[in-house]
Amino acid sequence: MIIVTGASRGLGAAICQRLHNSGHEVVGLARTATDDGDVPILSCDVSDPAAVKATAKTLRQRKTPITGLVNAAGIASMNLAVTTPPHVSQNLIQTNLLGTIYCCQQIAPLMMRAKHGVMINFSTIAVALGLKGESVYAASKAGVEGFSRAFAREMADFNIRVNCIAPGPIQTDLLKGITDQQIDDIVARQVLPQRFTPDDVCDLVEVLLDDKAASLSGQVLHVGGV
């Protein structure tokens, strides 16, 4: 069973559908539960440690081995650092960084018993490129990268791999409020100066989940290259 956070929209929803279509058993997590699609979605606010712990208990009761965790839940706010309100900074850190940590902490023991598993966390190209107007957002995702590298070492003895995917501009709700010119400027700085789609990200998720990627852990893979 593969767990995908942020499953109700954007990349999370696309990843859920792709994995389902590929024959995986998938359970999504989102703030609002739904059971009317191909993938059941359990209610879980990843920024709430108590909610994540309770959800992990529910998943444990299913008695189905968890082989993968994809932490796709995230929020963005494009502001200069000096004009970013404290509550926005707190929400970014709480959801993007701490939400990822909470999910890894709670799901890891379920994988450790089986000594097998793959975790994929999401960063952003804004970290590597130091994008203007994304300082706090980039800081929250830089934390995800640092955590993932160290956590990969902690999990290595249990045959659990931990990697990050850092996309450039992907057409999802996170791009609301960003102009086409701004997107083009970011894309031009990529090694491959072209726009990529959710399908491209899903391709990479499938590669990392596969045993053929058994040699990859503690890595940050940039969609488009930096």
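Bear in mind these aren't lab numbers, they're just calculated from the coordinates by the rules spelled out. Everything quoted here is computed from the prediction, not taken from an experiment. Positions of Cβ are backbone-derived with ideal geometry, glycine not excepted, and every protein chain shown enters the neighbour counts.
Compute from the Cα atoms of the stretch 2-222 the Rg and the Dmax, the latter being the longest Cα-Cα distance, and quote both in angstrom.
16.6, 49
What shape does the stretch 41-153 take by its C-alpha gyration tensor, where a ≥ b ≥ c are the square roots of the eigenvalues and a/c under 1.5 counts as rounded, a/b above b/c as prolate, and the rest as oblate? Mind dumping the intermediate values first?
On the way: a/c = 3.07, a/b = 1.82, b/c = 1.68.
Prolate.
Would you be so kind as to identify which of Gln181, Leu97, Ala156 lies farthest towards the positive end of the dipole of the chain, taking Lys and Arg as +1 and Asp and Glu as -1 on Cβ and the Cα centre as origin?
Ala156
What are the ³J(HN,Hα) couplings of the stretch 35-47, residue after residue, when phi is run through the Karplus curve with 6.51, -1.76, 1.60 and θ = phi - 60°? Round to Hz, x for glycine and proline.
These are the phi-based 3J(HN,Hα) values: 9, 10, x, 5, 10, x, 10, 8, 6, 6, 8, 5, 7 Hz.
I need to check one value: relative contact order of the stretch 2-222, counting alpha carbon pairs closer than 8 Å and at least 6 residues apart, in percent.
RCO, the stretch 2-222: 19 percent.
Can you give me the distance in nm between label points at Gln171 and Ile183, each placed 7 Å from the Cα along the Cα-to-Cβ direction?
0.7 nm
For Lys115, which lysines qualify as cross-link partners when the Cα separation must be under 23 Å and same-chain residues fewer than eight apart are set aside?
Lys53, Lys57, Lys63, Lys212
Please list the non-local residues whose amide H lies under 5 Å from the amide H of Val162, H modeled 1.01 Å from N, same-chain partners needing a gap of 5 or more.
When sequence neighbours closer than 5 places are left aside, the close amide H contacts are Met119, Gly218.
Let me spell out the model: positive unit charges on the Cβ of Lys and Arg, negative unit charges on the Cβ of Asp and Glu, origin at the Cα centre of the stretch 2-222. What dipole size does that give, in debye rounded to 20?
Dipole size: approximately 680 debye.
Going Cα to Cα from Lys141, which lysines come in below 18 Å? Please leave out same-chain ones fewer than 8 positions away.
Partners within reach: Lys132.
With Cβ to Cβ distances under 15 Å as the rule, what net charge do the other residues near Ile41 carry (K, R +1; D, E -1)?
Net local charge, Ile41 excluded: -2.
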